[in-house]
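Student: Handing you this structure, nothing more for now.
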Amino acid sequence: MRIFSGIKPTGPLHVGSYAGAISQWLAFQKDPASEGFFCVVDLHALTNNPSPEQLRRDIMETAAGYLAFGLHDARFPIFIQSHVPAHSELTWVLSTLAGVGELERMTQFKDKAGYAEILKARDRVTQRLEQTIEELDLLQAGSMGAHHRLVRDQHKEVIDGYRSLKEELDNLHALLTARDSRVGAGLLNYPVFMAADILLYDTDVVPVGEDQLQHVELARTLARRFNSRYGETFKLPRAKLVKGASRIMSLQDPKKKMSKSLGSAHYVGIFEPADIVRKKIMSAVTDSGSDIKYDPATKPALSNLITLMGVVTGKSASNIEHEYAHVGYAAFKEKLAEAFLAFFESVRRKKAELDKDPHHVLFELKAGAEKAREITNKKLRDAQYKIGLV
Ligand code: AQP
């Protein structure tokens, strides 16, 4: 079974990426029937416009993180995406098969481009406008021949409402247009890039967090489209999620996914100094009340902390509830910070050693890229031949 997955070096490896992706990678690595590649998807990181120094640092940090977890052996090499040019080349081919509308509908694109909120507001305002127009029609029908003041006042009120809604809608359109010129095409196209990453390897399984499900689905769609047009070429991959921890939420806003780009207080990095780890966990927002109770609907913040406790102790939510029944939020967070540091202790130590030896990290990355190039060059040539390139 061939596995492919990667992480975008846009900041420190955080516990969300560990829970959703790395924990699964480690399990596959233990399975003798599996093989595959773990990639540092550096070209995807460009969509965040990092400075060259920052990008270089994040690439090496992410790669050293993989090695610290032991994510590198003969069956599972690690490599950097930009060291394997076939990824970029196949992206172009696949982008000619992807629809712009299809890419614009990707949830992550809408969120990251800041479209989601504007589009929601636009739908709300449009709906209210439609209701207002219906109200106006009714008033008009009811006021035929009636000229008394009450109807005139009602009329005026509805028309004023209409005007202000229209103004709101115009403002939202202006906001959308302004955003259009600021949002890079890379952000729109990145799921096609991800499809190329996956399809080049005849991947069977893509272990990812929930946020990436839609992108793996797109990879399947593009593979199907290519195969039906040019003949059987790409295997259809399937996404694999981890049960119960495929979407770790932000420490500061439990309605949002824990993400590097939300800002440092929102995530807890696996390799951050111990005092920072403690501080971030202790500053995590909590819900009202004081019970340690797993209930995402009424206690989203605490439920997220319980999920995190499960990730670093292997215990179920109900065991955790039972164990910490009467300790209160502050003591629970202290225990969580200590459990976190204990769980990641050995990888943190290993990473500190690797930080002193970047040549070793680069050596492993280069060896991995060589293996990746062997596979991807063949696949790319096959695809190029089938589409008629000579
Ligand atoms: N909060 C999360 N919960 C579960 N899984 C997660 N993953 C990321 N965040 C969570 C999974 O980790 C893998 C690598 O993600 P990525 O860094 O390549 O991209 P991302 O999902 O966009 O991560 P971030 O932190 O949100 O990055 P930014 O803010 O730079 O965009 C993926 O399998 C992902 O599902």
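The values are calculated or read from the model by the stated rules, or taken from the named source; none is laboratory data. Not measured: the values here are computed from a predicted model. Counting neighbours? That spans all protein chains shown, and the Cβs are built from the backbone with ideal geometry, glycine included. For the accessible areas, the whole protein counts, side chains as well, though only heavy atoms, and no ligand, DNA or RNA atoms are used. Shrake-Rupley method; radii C 1.70, N 1.55, O 1.52, S 1.80 Å.
Student: Using θ = phi - 60° and the Karplus curve 6.51 cos²θ - 1.76 cosθ + 1.60, what whole-Hz ³J(HN,Hα) does each residue of region 290-297 get, with Gly and Pro shown as x?
Tutor: Calculated HN-Hα couplings, in order: 9, 6, 8, 9, 8, 7, x, 6 Hz.
Student: If I compute solvent accessible area with a 1.4 Å probe over the protein chains, what percent of it on the chain is carbon and sulfur?
Tutor: Working: 10580 of 19680 Å².
Summing carbon and sulfur atoms, their accessible area is 54 percent of the total for the chain.
Student: Rounded to whole Å, give me the distance from the Cα center of region 309-354 to that of region 1-67.
Tutor: Using only Cα atoms to place each centre, the spacing works out to 23 Å.
Student: For the chain, what is the calculated [θ] at 222 nm in deg cm²/dmol (nearest 500), taking -39500 (n - 2.57) for each run of four or more DSSP H residues and dividing by its residue count? Mind dumping the intermediate values first?
Tutor: Details: 16 runs with 231 residues, N = 390.
Helices in the chain give a 222 nm mean residue ellipticity of -19000 deg cm²/dmol.
Student: Now, a different point. Mind ordering 104-116, 157-169 by average Cβ neighbours within 10 Å, highest first?
Tutor: Ranking the peptides 104-116, 157-169 by packing returns 104-116, 157-169.
Student: To continue, here is another question. Within a Cβ distance under 14 Å of Ala174, other residues only, what is the Lys/Arg minus Asp/Glu net charge? Mind dumping the intermediate values first?
Tutor: Values: positive: Arg122, Lys166, Arg179, Arg182; negative: Glu167, Glu168, Asp170, Asp180.
Here the charged neighbours net out to 0.
Student: Continuing with the same structure: For the chain, just say rounded, prolate or oblate: build the C-alpha gyration tensor, square-root its eigenvalues into a ≥ b ≥ c, call rounded for a/c under 1.5, and beyond that prolate if a/b exceeds b/c, oblate if not.
Tutor: Details: a/c = 2.44, a/b = 1.35, b/c = 1.81.
Taking the square roots of the gyration eigenvalues as a ≥ b ≥ c, the chain is oblate.
Student: Answer rounded, prolate or oblate for region 271-343, using the Cα gyration tensor with square roots of eigenvalues a ≥ b ≥ c: rounded when a/c is under 1.5, else prolate when a/b is larger than b/c, else oblate. Spell out each step's value before the answer.
Tutor: Working: a/c = 1.81, a/b = 1.39, b/c = 1.31.
Cα axes put region 271-343 in the prolate bin.
Student: With a sphere of radius 15 Å drawn around the Cβ of Thr10, what net charge do the other residues whose Cβ falls strictly inside it have (Lys, Arg +1; Asp, Glu -1)?
Tutor: On the way: positive: Lys8, Arg56, Arg57, Lys112, Lys257, Lys260; negative: Asp42, Glu53, Asp58, Glu61, Asp111, Asp211.
The answer is 0.
Student: If you take every residue apart from Ala352 with its C-beta less than 14 Å away from the C-beta of Ala352, what net charge results, scoring Lys and Arg +1 and Asp and Glu -1? Walk me through the numbers on the way to the answer.
Tutor: Numbers: positive: Arg348, Arg349, Lys350, Lys351, Lys356; negative: Glu61, Glu272, Glu345, Glu353, Asp355, Asp357.
That sum, taken over residues with Cβ under 14 Å, equals -1.
Student: Of the listed peptides 311-324, 348-361, what is their order by residue-averaged count of other C-beta atoms within 10 Å, with the highest listed first?
Tutor: Numbers: 311-324: 15.6, 348-361: 14.0.
Highest to lowest by the protection proxy: 311-324, 348-361.
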